[in-house]
1. Consider all pairwise Cα distances in segment 4-166 and report the whole-number % of them above 23 Å.
2. Hey, what's the per residue convex hull volume over the C-alpha atoms of the chain, in cubic angstrom?
3. Using alpha carbons only, how many angstrom separate the centre of segment 107-121 from the centre of segment 268-335?
4. Lysines near residue 252 by alpha-carbon distance under 22 Å, same-chain residues fewer than 8 away left out - which ones?
5. Can you compute the FRET efficiency between residue 324 and residue 121 using 1/(1 + (r/R0)^6), with r the Cβ-Cβ distance and R0 = 45 Å? Round to the nearest 0.05.
6. Which of the lysines could a cross-linker bridge to residue 293, judged by Cα under 18 Å and excluding same-chain residues fewer than eight apart?
7. Going 7 Å from the Cα of residue 341 toward and past its Cβ, which residues in segment 169-210 have a backbone nitrogen under 13 Å from where you end up?
8. For a Förster distance of 22 Å, can you work out the FRET efficiency between the beta-carbons of residue 238 and residue 180, rounded to the nearest 0.05?
Amino acid sequence: MFDPVAVIADLVRAPSVSTDSKFAEGMAAARARLVALFMQMGLDVEEVPTPLHPAIFATRTGPADWPHVVIYGHYDVQPADPLDLWHTPAFEPTIKDGRMFGRGTADNKGPMMVHITAAARLLEKYPDLPLRLSFLIEGEEEIGSPSFSAILDHLGDRIKGDFVLLSDTQSPGTDQIAITTALRGITCVEVELSGASSDVHSGLHGGALLNPIRALCDLCSSLHNPDGTVNIPGFYDSVVPPQDWERAEIAKLQQTPQQYAESLGVKGFTSVHGLNPFEVTRLMPTLEFNGIKGGYQGDGSKTIIPSKASVKISCRLVANQDPVVIEQLVIDAIRARAPELLQLSIRKDHYGPPYRVTPAGKEPADPAQNPHLSAAFSCRW
Ligand SMILES: [Zn+2]
């Protein structure tokens, strides 16, 4: 059996920054370390080529009636900049007070190794275990997984499992393990209002023109009600109300709202739908303004009426919201409320559906209810 901590250290020493071609050697080194590890475990290993960074597919095959567990991970990391804010070298694993520091220890090299180690120990103890097992370790997660569908197409039926286990989520704290059963989806749009063909002088034209910044602010503020809920017809129609069991699970989080506020440096939280901050961030959809621009941004003043103003908007979605439907509801509301005196343009950006799985016996009943998830829920550790 290998020493998992030593393997994590080897992986952290390989600077596998997928976004920067200067780190190609680090990518190759991380990949080679994992290939060697999977071969040591007796798995069949294949590197799946992509235009950028190959994925690793390592598998333990067996008869079709054996259960098939698929485990996902990624070997690439985010850039380590700014380097001067690191207390220890980013790519030199350093153990302090029982914790390892270094780029990738938390995302995803360390957590991924928990699954690999657990599987290796299980197979060592039960070499004849009737279990099919596949690891898919990607090298492009931090750049948005551009090759992921092609990888899945390439693997075809070989990647179809009874369930997928992944560690690329959040832990509430060092003393608490959580199972992530849902992830919010997203839909993004960019909205621009434009008036005069160029910025014009407010002394000469002010008062006669509708200022795009003012109109955009009116438009933005119309998208929420005073209580913080989203003011778009139909926005909440398909949202499943928070279930008592979900709220009970969330209540087990060890963090208090005050600790959460302190960790963010905020004075407190808005209270939307009567839910606490831990509930509302997990169970409800949102509409947020991510960036706004328009007019003069330099030092001092410049007395113009800007020709245009724009805002980037994204919605976080919960099951069973459909990102395409919600995107259209947002666009319809904006079109209906935009002033006639200005030109409106809306650019659709990316979207992704929400994900949710409900353990057996819990509401709302989920057609894809998963006995493995229920087994995990019944574990106590
Ligand atoms: Zn990750």
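All of the numbers you see were taken from the coordinates with simple rules; none came from a lab. Bear in mind the structure is a predicted one, so any value in this text is a computation, not a measurement. As a convention, Cβ positions derive from the backbone with ideal geometry for all residues, glycine included, and neighbour counts pool all protein chains shown.
1. Values: 4987 of 13203 pairs.
Tail of P(r) above 23 Å: 38 percent of Cα pairs.
2. Dividing the Cα hull volume of the chain by its residue count gives 195 Å³.
3. Cα centres, segment 107-121 to segment 268-335: 37 Å.
4. In chain and number order, the partners are 362.
5. Rounded to the nearest 0.05, the efficiency is 0.55.
6. Once the sequence-local lysines are set aside, what remains near residue 293 is 302, 308, 312, 348.
7. Answer for this model: 194-196, 205-210.
8. Once the sixth-power term is evaluated, E becomes 0.55.
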